[in-house]
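Some notes on the structure that comes next.
The values are calculated or read from the model by the stated rules, or taken from the named source; none is laboratory data. Values in this document were obtained by computation on a predicted structure and should not be read as measured data. Quick reminder, even Gly has a Cβ in these numbers, built from the backbone with ideal geometry, and neighbours come from all protein chains shown.
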Amino acid sequence: MKTIGIFSIILIIIFPSITISDEGEKKIYHYRSNLMEASATHLKALQGYVKGELAIQKHIPAHVDALLMLNGMYQDLFPAGKQHPESEAMASIWSNPKDFTNAIQYNRHKIMALKQVDPGDIKNMKRAVNEVRMSCGDCHYYFRDR
């Protein structure tokens, strides 16, 4: 009888943690998706500017700063453990954490280079925005399953 009581207590303790874990997995997946969409939106605004589709030059530093801020969050968006079924994150994020960290840092380096470019210098802005875009694509190529 004591064994059944202890077993029941263990189930009560474990079951909510399983539920929280699954719910946590879902929440981090949606949070990560939202942050990545935000990054894409800021990058699209910068691309629109260098293509001449958007003439609000004074907004450029805010978009670049937003990309830097979001980049600082990427490492935390991929906790080890079971992933949401819709996640496109590849196992290489966890099996090669140093490479993943290096990819995030490379992206940060490209964003910092973009930050140094005068928004009025469209030729160098185009190059720098494209390099940021490509560094995003590099990370997706190696760490995102499509």
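Here is a list: LYS98, LYS126. Which entry is surrounded by fewer than 16 Cβ atoms within 10 Å (Cβ to Cβ) and over 13 Å from the mean Cα position of the chain (by Cα)?
Numbers: LYS126 fails: surrounded by fewer than 16 Cβ atoms within 10 Å (Cβ to Cβ).
None of the others qualify; the one that does is LYS98.
Count, please, the residues in region 84-95 that happen to be in contact (Cβ under 8 Å) with a residue 40 or more places away in the chain and either within 16 Å of ASN34 (Cα to Cα) or of a type in the set (A, V, I, L, M) (or both). Step through it out loud before you land on a result.
First pass over region 84-95, keeping only residues in contact (Cβ under 8 Å) with a residue 40 or more places away in the chain: 84, 86-90, 92-93.
Imposing the further condition that a residue be either within 16 Å of ASN34 (Cα to Cα) or of a type in the set (A, V, I, L, M) (or both) reduces the set to 84, 86-90, 93.
The number of residues fulfilling the criteria is 7.
So which helices (runs of 4 or more DSSP H) stay within region 36-123 end to end and still have 1 or more residues that are more than 30 Å from GLU23 (Cβ to Cβ) and aromatic (Phe, Trp, Tyr)? If you could, list the steps in order and put the result at the bottom.
Numbers: elements: 60-71, 92-95, 97-115.
By residue number, 97-115.
So which residues in region 71-83 are closer than 14 Å to TYR29 by Cβ and touching a residue at least 24 places away in the same chain (Cβ under 8 Å)?
Listed by number, the residues that qualify are LEU77, PHE78, PRO79, GLY81, LYS82, GLN83.
Collect the residues in region 28-42 that are out of contact with any helix residue (DSSP H, G or I) (no Cβ under 6 Å at 6 or more places or on another chain) and farther than 18 Å from GLU88 by Cβ, keeping them in residue-number order.
THR41 - this is the single residue of region 28-42 that is out of contact with any helix residue (DSSP H, G or I) (no Cβ under 6 Å at 6 or more places or on another chain) and farther than 18 Å from GLU88 by Cβ.
Which residues, counting only those in region 71-89, are at pLDDT 95 or above and surrounded by fewer than 17 Cβ atoms within 10 Å (Cβ to Cβ)? First the steps, then the outcome.
Filtering region 71-89 for residues at pLDDT 95 or above gives 71-74.
Of everything in region 71-89, those that are at pLDDT 95 or above and surrounded by fewer than 17 Cβ atoms within 10 Å (Cβ to Cβ) turn out to be GLY72, MET73.
So ILE104 passes all but one of these: (1) surrounded by 13 or more Cβ atoms within 10 Å (Cβ to Cβ); (2) over 12 Å from the mean Cα position of the chain (by Cα); (3) under 17 Å from TYR142 (Cβ atoms); (4) at pLDDT 90 or above. Which condition number does it fail?
Of (1) surrounded by 13 or more Cβ atoms within 10 Å (Cβ to Cβ); (2) over 12 Å from the mean Cα position of the chain (by Cα); (3) under 17 Å from TYR142 (Cβ atoms); (4) at pLDDT 90 or above, only one is false for ILE104: (2).
Mind checking which residues of region 73-86 are over 17 Å from GLY137 (Cα atoms) and not aliphatic (A, V, I, L, M)? Don't jump to the end; show me each part of the working.
Quick first cut of region 73-86, residues over 17 Å from GLY137 (Cα atoms) only: 73, 76-86.
Within region 73-86, ASP76, PHE78, PRO79, GLY81, LYS82, GLN83, HIS84, PRO85, GLU86 qualify.
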